[in-house]
1. Tell me which residues, restricted to the stretch A:180-205, are surrounded by fewer than 19 Cβ atoms within 10 Å (Cβ to Cβ) and more than 15 Å from A:Thr124 (Cα to Cα).
2. Among (1) surrounded by fewer than 20 Cβ atoms within 10 Å (Cβ to Cβ); (2) of a type in the set (Gly, Ala, Ser); (3) within 14 Å of another protein chain (Cβ to nearest Cβ), there is one condition A:Ala168 misses while meeting the rest; what is its number?
3. Tell me whether the stretch C:565-586 contains one or more residues that are in contact with a Lys or Arg (Cβ under 8 Å, 6 or more places away or on another chain), part of a loop (DSSP other than H, G, I, E, B), at pLDDT below 95 and on the phi < 0 side of the Ramachandran plot.
4. Hey, among the residues in the stretch A:11-32 that are under 18 Å from A:Val68 (Cβ atoms) and not in a helix (DSSP H, G or I), which one's farthest from the other protein chains (Cβ to nearest Cβ)?
5. Given the options C:Thr500, C:Thr455, name the one that is crowded, with 24+ Cβ neighbours inside 10 Å and among the polar types (S, T, N, Q).
6. Before we move on, is A:Phe8 closer than 21 Å to A:Met193 by Cα, in contact (Cβ under 8 Å) with a residue 60 or more places away in the chain and either away from every other protein chain (no Cβ under 12 Å) or over 14 Å from the mean Cα position of the chain (by Cα) (or both)?
7. Picking from C:Thr650, C:Thr654, C:Thr666, C:Thr674, which residue would you name as being in contact (Cβ under 8 Å) with a residue 12 or more places away in the chain, among the hydroxyl-bearing types (Ser, Thr, Tyr) and part of a helix (DSSP H, G or I)?
8. When you scan the stretch A:92-103, do you find a residue that is of a type in the set (D, E, K, R), more than 14 Å from chain C (Cβ to nearest Cβ), closer than 22 Å to A:Leu216 by Cα and within 17 Å of the chain's Cα centre (by Cα), even just one?
Amino acid sequence: MKIAVIVFPGSNCDLDIYEALHTVCQADVEYVPHKATSLAGFDAVMIPGGFSYGDYLRAGAIARFAPVMKEVIRLAKEGKPVFGTCNGFQILTEAGLLPGALKRNDSQQFVCKTVPLEVVNNQTIFTKQYEAHERINLPIAHADGSYYADQATLDALEANHQVVFRYAEENPNGSLNNIAGITNQAGNVLGMMPHPERAVEAILGNTDGLRLFKSLLTYGTVKA
Amino acid sequence: MQVRIFVTYKQSVFDPQGETIKDAIHTLGHQEVEAVKVGKFFDVTFAPGTKDVEAAVKEIADQLLVNFNMETYTYQVMEDAE
Amino acid sequence: MKAAMTPEEIKAQKPYLDWSLSEREYNYISEKLLGRLPNYTETGLYSAMWSEHCSYKKSKPVLRLFPNKNARVLQGPGEGAGVVDIDDGQAVVFKAESHNHPSTVEPYQGAATGVGGILRDIFSMGARPIASLDSLHFGELDNPTMRMKVQNTVKGIGDYGNCMGIPTVAGETTFDPCYSGNLLVNAMSVGLMNQKDLQKGTANGIGNAVMYVGAKTGRDGIHGATFASADFSDENATQRSAVQVGDPFMEKLLMEACLELIEKHPDWLVGIQDMGAAGIVSSSAEMASEGQAGMDLDLDLVPQREPNMSAYEIMLSESQERMLLCVVKGHEADVKKIFDFYDLEAVTIGRITAGHNYVLHHDGQVVCDIPVSTLTDDVLEEASEEREPARLQAAKAQPAWQPTILNAEATLRQLLAQSTIADKSAFYQQYDSQVRTSTVFGPGSDAGVIRVRGTKKGLAMTTDGNGRFVYLDPEIGGKLALTEAVTNIIATGAQPLAITDCLNYGDPNDPEIFWELHHSVMGMAEACRVYDTPVISGNVSLYNENNGQAIHPTPMVGMVGLIKDINHVIPSFAQNAGDQVYLVGQTGNDFAGSELQKLMLGDISGALNDIDLTQVQAYSQRLLREMQAGHVASAHDLAEGGLAVGLAETLFNTDLGMNLDLTHLTAAQLFAETGGRFIVTVPAEATPDFEAAMGSDAQKVGEVTASHWLQARYQGGELNAAVAELQTVWKEAIPCQLKSKA
């Protein structure tokens, strides 16, 4: 499985996802700049966190116009895995690959800390290695992470088991239904505010995110 | 020609910043203030003689300035600057 | 635009006095250096370059007291940042800088651009920034204005650093009324580089290009440098508009572009420097002076954001996110191509010339033609009068204050709620402390620890400044500032390498304040020698006053240490029930300047006891070897609030407790702030080795227990506290104050 890590101007967790896949998981991974016009040969796409285009206008709003996004949308439509964390989640909603939107945190403040999550759906290609309803801890670091969608959309997300992660104790940002991460209806596009790539090495104190990448890579092996 | 485009949260979307500001106004003593909504505006200047400004405004708002999942907009054609 | 004054009008009307250039300096420049009257632009350039902020004309004699070399130092003061060898061809690069004056005026932008400026200093050396730290000193949180300033400062630091993707991993935040009218906002950045990529701020080679890269120039922050060299009063409110606005997105692109150029095409580049204080003039003049070259710039080519800017405004603008490069002739287009990819401006604005003159063209006219060294090297150093502050003699004559503690647990709770001691997570959770996924210990630890990717190494880093001790005794206070930094670094298992500093003081024209500066630097310099931590970079911030009221003299020490094997990093929290607890270092009756004194008396007073630096260094090094040998489970240095607070902190966020025999200490001594102490926990099986190595410098005081209680017997009493309750007090103090409506 060959994986692309998209680098937008202002992305800053690109290194973290790259290292998690390359160094920790020994996966085949490459950086792809935002001006690239082809993702030919790639089997999966990672959209990293950060502040693409400075988060000016709205977080993720401008990145969706970058040339590479046409290709990201093509891969998503083909059913290939597309994963976005933090700003990557915001970009995926702005690009229409995931429903809803991410609002400013209710506290109006950026918040960086580790929070407990519930793995709500362990049947996705990203979460197969977690137990059903397992409690895990992952870091969050965002100012615009309050998930919002209208009631009909929320009902559909719940009915289709598209809610993959939920904040398990306190809700750190005001997300509706305590949503921390969702997939599209087909299940191949996952967006989440928490950072699994920050929790893959014991020396940094947390390995709860590792199985997300392992799940994806195992899926890739089975497919290939 | 200048157009001012106002973007706000939809009526149904919780606006915590507006609530916080309302609380601050109340501590100033203005209990008569019932609600505050926060939004942003964009002053967009078109070249003189631009045709169909309103269609352009609509497209700019729809495609870029507004996230219709949570936001809505209005606009106002400004008097030409001196 | 109104016509500029003629040289004769300048001589007669003396506008330079408002720009902080003295008549003596003006006369020296016109009579001795130029042999003619300087024109309007030239006068403006001199006033900026000869300001204390750019020239250190007052503080230089004092700064010479600092050691700045040892076997590891690759670059000392004078460049963008200092550089220290960390083996394997790698180097750590670091510097701290104050942004006190802009932050006092506009806390959000002042703090944000402070972070931006120090990051540029790091990547201009060829290093990638890997961590940020801060040192913040505010007035008390008891009024809404100060609470707003605190929140905005924190937001400014967070918004800039978070967007840049540089983790903020450590820092300090203290509160004292002396900072109410003049905040201290010191930012430190640490970078990592391969030694082969080391860059300097230099320009030479006739015909080589001077290239301007980054954001456009506007009228922001003109005279920021001189502004930083004058004190605040309510009258000079007009000066208070000189605040720059930061754009971290632009800076992120600028950093990536500059690092790409440095790492991939070093042969295209002669030198690179940040446009910091005094903007284009300071960066270009310093580069030309360093390269002993002449320089010819055409200001009409400078990218400008506003129309009709004068030469003087263009040269002195402190618009942010700009860098100046000296590029080998013929590679201008290559360099431009790199910056084009990031949608950044890159414009050749001039050339290196033969000779040593600094020539500026604007609107088709030569507006400046002066020897470059007159801007940078010929500045008149100023001898300053100094006099021991009267309060120091008076304090020595008084008997030492001896507190009486009736209820140690109640005192401990009160201290844990003091804003300087209480949990700061309400602030540091607004900083991304984990981006770049190398943060081993983030905020809340004794020192931040970053692992060096691809190696076994780690870097520990801390900022420490305690104005209360320096106020009571500048020399001993200076020694204590270094000692606190050393103990913070050692506590993580790191060997201290070197320091950077921000020297924050009041108006140096006051002989008592100059004396404080001089004597605190004496104390710091002595400690730097004993600890073998030379000063490799730093800055001086004077005139920290409001309406004639000076801050406590507050030198901030930023220290970096090297961990040889990151697997031996030592946490500051207790680890396992059954581990033995040791107190390292002697405890004395050190109450002057303590948090206890502030709590009980409402103010600080008295004389400090001296500290034996050699002894601290000896046992700290032995402790470090024990850590490296795997004999230590946790270590925490003791600072504000003394032993009792340190013990509680060691147990917070664990489910452990301690049972301790402290009967060699009085109740008051539980809160004494004697410097150079650690609380260390040792696995039972390692105690023989540990005790043999530490001897009488470590005293066994008890053990870690599985019950979440802090139990300690002391002379004449017993402390018995539920740790969870102590932690609640500690955790809720600041959020509670921030929410207060009063």
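The values are calculated or read from the model by the stated rules, or taken from the named source; none is laboratory data. The structure presented is a predicted model; accordingly, all values stated were derived computationally and were not measured. With ideal geometry, Cβ positions are generated from the backbone for all residues, glycine too; neighbour counts draw on all protein chains shown.
1. A:Ala202, A:Ile203, A:Leu204, A:Gly205
2. If we test A:Ala168 against (1) surrounded by fewer than 20 Cβ atoms within 10 Å (Cβ to Cβ); (2) of a type in the set (Gly, Ala, Ser); (3) within 14 Å of another protein chain (Cβ to nearest Cβ), just (3) comes out false.
3. For the stretch C:565-586, residues in contact with a Lys or Arg (Cβ under 8 Å, 6 or more places away or on another chain), part of a loop (DSSP other than H, G, I, E, B), at pLDDT below 95 and on the phi < 0 side of the Ramachandran plot: absent.
4. Per the criteria, the residue is A:Glu30.
5. Sole residue among the options that is crowded, with 24+ Cβ neighbours inside 10 Å and among the polar types (S, T, N, Q): C:Thr500.
6. yes
7. Checking each option against the conditions leaves just C:Thr650.
8. Scanning the stretch A:92-103, I find no residue that is of a type in the set (D, E, K, R), more than 14 Å from chain C (Cβ to nearest Cβ), closer than 22 Å to A:Leu216 by Cα and within 17 Å of the chain's Cα centre (by Cα), so the answer is no.
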